[in-house]
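Since the structure comes first, as structure tokens, the remarks are kept for the end.
The values are calculated or read from the model by the stated rules, or taken from the named source; none is laboratory data. This is a predicted model, so every value here is computed, not measured. We place every Cβ from the backbone using ideal geometry, glycine too, and count neighbours over all the protein chains shown. Surface accessibility is based on the protein's heavy atoms, side chains included, excluding ligands, DNA and RNA. Shrake-Rupley method; radii C 1.70, N 1.55, O 1.52, S 1.80 Å.
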Amino acid sequence: MREIFDSTIERFFQDTVDTEQVLLAEKDGWNGTLWTSLDELGFTYAMVAESAGGAGASWSDLCGVARLAGSYALPLPLCESIFVNYLLCKCDIAPLTGVLSFAAKSELRLDGDKLNGVLHDVPWGRYTQHIIAVVPKDDCNHLVVLSREQIKIRKEACNVAGEARDSFVVENISPVFCAVLPAPISSNVLMQGGAMLRSAQMAGAMHKAMTISHEYASERVQFGRPIGSFQAIQHQLAQMAEHVSASVIAAEAGFSASSGTVDALGVSTAKICTSEAAGVGASIAHAVHGAIGFTHEHPLHLLTRRLWSWRSEFGSETYWAKHLGDAVCKHGADNFWPAVTAGHFDTV
Amino acid sequence: MSIENFKYSTIPAEAEALRAEVRAFLKQELSDFPNIKRADSWIGFDAEFSRKLGQRGWVGMSLPKQYGGSEASAFSRYVVIEELLAAGAPVSAHWFSDRQSGPQILKFGTDAQKDFHLPAICRGEQYFCIGMSEPNSGSDLASIKSRAIRHGNKWIVNGQKVWTTNAHLSHYMIALVRTSEGEKRQQGLSQVIIDLSLPGITIRPIKDLVGGAHFNEVFFDNVEIDADAIIGTEGQGWSQVTAELAMERSGPERFLSSMILLNSLIDVIGNNPDALQAKEIGRLTAKLITLRNMSLSVTQELSEGKSPVWAASCVKAFGATFEQEIPELAQALCDLSPCSVGGSEHAQILAYLMQMAPSFSLRGGTREILRGIIARGLGAN
Ligand SMILES: Cc1cc2nc3c(=O)[nH]c(=O)nc-3n(C[C@H](O)[C@H](O)[C@H](O)COP(=O)(O)OP(=O)(O)OC[C@H]3O[C@@H](n4cnc5c(N)ncnc54)[C@H](O)[C@@H]3O)c2cc1C
């Protein structure tokens, strides 16, 4: 399934998602035409069971899609929508069509069947049809589905790449759906899922930034030779390649480990490594490109501004590293290596 | 594209099944082996221990059964060696034989060479060292001057090797020597097996900055070796060495050298880390897990018979940075001075690894040389 997904989405991105389309989305906030044609491919149902009209894919089938979305700077919540439908299915809620997103950070209260509170930093919030969130109630966590029409914008905001990240007020509404989040899905699943998606998007964006930096270094001539023949440039590109390799492997490992539920250790590892790499990678890509890469006309910034945004979203390197470090210390030195080889800390 | 060399791969169940056995063995064998000794990692030498591993079938385990190996998969070997390294077991005696000399002889050697060397390697009794560097040839390996000249059915070796780890404790050296002049410097080099007990060989240990003596200078003064001491094809030494480097550069020893210090640091920090400690321990953990996955991906390629030199260079360059970061962070995260004599065990391990760390990005090819390989590989499709 992986190969078909990768080749289908890559062909679509190649034909459709060029610099102009990305810039258009950034200028207007939303590229509706682009969403419509992307939606026709049906990827938002990728993880929905075949019996319910989906493709029954697993996360490891979708890592390539998320990486490619990153490498083409796709200005649409494709990954978010796939993830929302994945969780809906886990909660036995019928999958949804349209633009979907989720609020990993929220302060919500369920009073009876009425929901009150706020949603923070919802990717593409104002352009969605449905948003999901997790609400604690009576010792268990509930997944709630809200219709965009039910909730009011509290603050419209954008990340560094002009992608909407909106906050909402939820006032005394009945969610469209509400279901108990089944074990073993964590109450932090939206942060984890978001971190997983962003890690692959960053790996993709960095890979592309490295490719174009390398190409540029082979073409740009100074002092009578391509700048890529200067060792200082070569070593910067090599350092970037080390980080890109690590990022690709970390993202793939995070997706692969997330077969049943989003894998806590795999995902935090991926987000830590890719977030750190994003800073290094963006800085090297710009250094290699010189002034032309600092212009609005050159497409490099479509990637680097996303790297600067995505590394902070759904938990920065520091957020996840602190969590992971706390877990490591709590389990102690004797359990450290066994946990690394087992791939999890909690059951050792 | 070069990055595509990295395909996420996991350890198959049958290889994973070995892990518990190896752990149980190490727990018993190393029950009173102190942490400060474990900190030596893969330069800790103990012939007795290597022989015990040989008895278990854990040395040369990927070699064919007819030579005493168990034809184990690359992943089974990986499980064994990463457990040895994580425990800080003294593996240095057989390390080079197991990692590269044995496989090199199997790949390029004659039947007689295989019959003679491989069974003893598998028993954990025959130790090899790697004779590449010379006083005027470090990074620029193709410039080596040591030379073997044919005399009837003998070769006469003259010259000098340096930085040869374990030469003083090994039975054999696989040396890269010049056997003829070629148009290019890379031509006319050959790999020869030299019995280190032969007359005309002088081995002098060189004390390192920590005070240990692991590497040596080795002089060859009209040393006579048999004509069949050449491994592989005369004049093809350069390409053989290049293939060897993929084995040498991607293993878990390229990021586990500071593992004992990392463990000790976690222990010293305790169950309630402050924010900075938690953050850095978390970061190191994520790096370790990712490096291991990178290394496993190269293992998969090696097991498919490929020679992933580019990816191996990435693992080694990224791994050395990680190994070197651990002593730096260990001293920054705790208000505790490194201490060579007296002091806590942690302070001693910290003192030791802080001093060892510079060598991690030198041995096996410097960071700069690796980055050159990585950068050039970016263009290759
Ligand atoms: C602990 C230890 C164990 C070792 N064990 C062995 C062994 O068992 N067998 C063996 O054969 N060798 C061994 N070596 C030697 C090791 O392979 C060499 O140290 C290494 O190849 C570098 O050579 P050099 O020390 O002569 O440094 P040089 O090559 O002189 O390099 C010095 C500095 O210059 C840089 N430099 C050199 N050329 C370039 C270039 N073209 N571009 C940019 N920078 C450059 C290097 O990166 C380095 O920073 C060992 C070394 C150490 C430290």
Protection proxy ranking of B:231-237, A:43-49 - average other beta-carbon atoms within 10 Å, highest first: A:43-49, B:231-237
Binned Cα-Cα distance frequencies in chain B - 20 Å width, integer %: 28, 59, 13, 0
Per residue Cα convex hull volume in Å³ - calculated over the protein assembly as shown: 167
Separation of alpha-carbon centers, the range B:136-192 and the range A:63-92, rounded to whole Å: 56
Stretchable slack from A:Ala342 to A:Cys158, in nm (0.36 nm times residue separation minus alpha-carbon distance): 62.3 nm
Residues of the range B:286-381: accessible area per residue with a 1.4 Å probe, Å²: 36
Accessible solvent surface per residue of the range A:189-342, calculated while the other protein chains remain in place, 1.4 angstrom probe, Å²: 31
Spin-label zone in the range B:56-80 - amide nitrogen under 18 Å from a point set 7 Å from the Cα of B:Lys306 along the C-beta vector: B:74-75
Between 0 and 90°, nearest 10: helix B:18-29 axis offset from chain B longest Cα axis: 80
At R0 = 30 Å, FRET efficiency that the Cβ-Cβ distance of A:Ser218 and A:Phe294 yields, to 0.05: 0.90
Gain in span if fully extended, B:Leu209 to B:Glu183, counting 0.36 nm per residue against the direct Cα distance: 5.4 nm
Cβ neighbours within 10 Å from other chains - mean over A:232-240: 5
Dipole-positive endmost among B:Gln100, A:Thr211, B:Phe219 within the protein assembly as shown (Cβ charges, Cα centre): B:Phe219
Helical contribution to [θ] at 222 nm, DSSP H n ≥ 4, -39,500 (n - 2.57), averaged over chain A, rounded to 500: -17000 deg cm²/dmol
Along chain B, longest interval not containing exposed trypsin sites (Lys or Arg not before Pro), exposed being DSSP loop plus at most 14 other Cβ atoms within 10 Å: B:8-144
For chain A, convex hull volume per residue from C-alpha positions, Å³: 138
Value at 222 nm in deg cm²/dmol, rounded to 500, when DSSP H runs of n ≥ 4 in chain B each add -39,500 (n - 2.57): -14000 deg cm²/dmol
Summed side-chain charge close to B:Phe108 - residues other than B:Phe108 whose Cβ falls under 14 Å, Lys, Arg +1, Asp, Glu -1: -2
Unsatisfied cross-links (Cα-Cα over 22 Å) in the set A:Lys105/B:Lys287; A:Lys137/A:Lys322; A:Lys330/B:Lys287; B:Lys161/B:Lys306; A:Lys137/A:Lys330; A:Lys105/A:Lys155: A:Lys105/B:Lys287; A:Lys137/A:Lys322; B:Lys161/B:Lys306; A:Lys137/A:Lys330
Kirkwood hydrodynamic radius of the range B:102-182, Cα pairs, Å: 14.1
Positive-end extreme of charge dipole, the protein assembly as shown - chosen from A:Thr33, B:Leu85, A:Phe230 (charges on Cβ): A:Phe230
Cβ-defined net charge surrounding A:Asp326, 11 Å radius [Lys, Arg +1; Asp, Glu -1]: +2
Segment B:Asp195-B:Glu368, length gained on full extension (0.36 nm per residue, minus Cα span): 59.0 nm
Mean Cβ neighbour count within 10 Å, used as a protection proxy, ranking A:69-79, A:322-332, A:201-211, A:109-119 highest first: A:201-211, A:69-79, A:322-332, A:109-119
Simple spin-label estimate for B:Arg51 and B:Asn222 in nanometres, 7 Å along Cα-Cβ: 3.7
Distance from the range B:311-350 to the range A:236-310 (C-alpha centre basis), Å: 26
Average beta carbon contacts from partner chains per residue of A:267-273, 10 Å cutoff: 5
The range B:50-115 versus the range A:109-160: alpha-carbon centroid distance in Å: 58
In the range B:3-126, lysine pairs closer than 29 Å at Cα, eight or more apart or cross-chain: 10
Cα lying deepest toward the dipole's positive end in the protein assembly as shown, options A:Val288, A:Ser258, B:Gln187, charges on Cβ: B:Gln187
Residues listed by number, the range A:146-190, amide nitrogen under 19 Å from A:Cys140 label point at 7 Å toward C-beta: A:175-190
0 to 90° range, to nearest 10: angle between helix B:345-356 axis and chain B longest Cα axis: 40
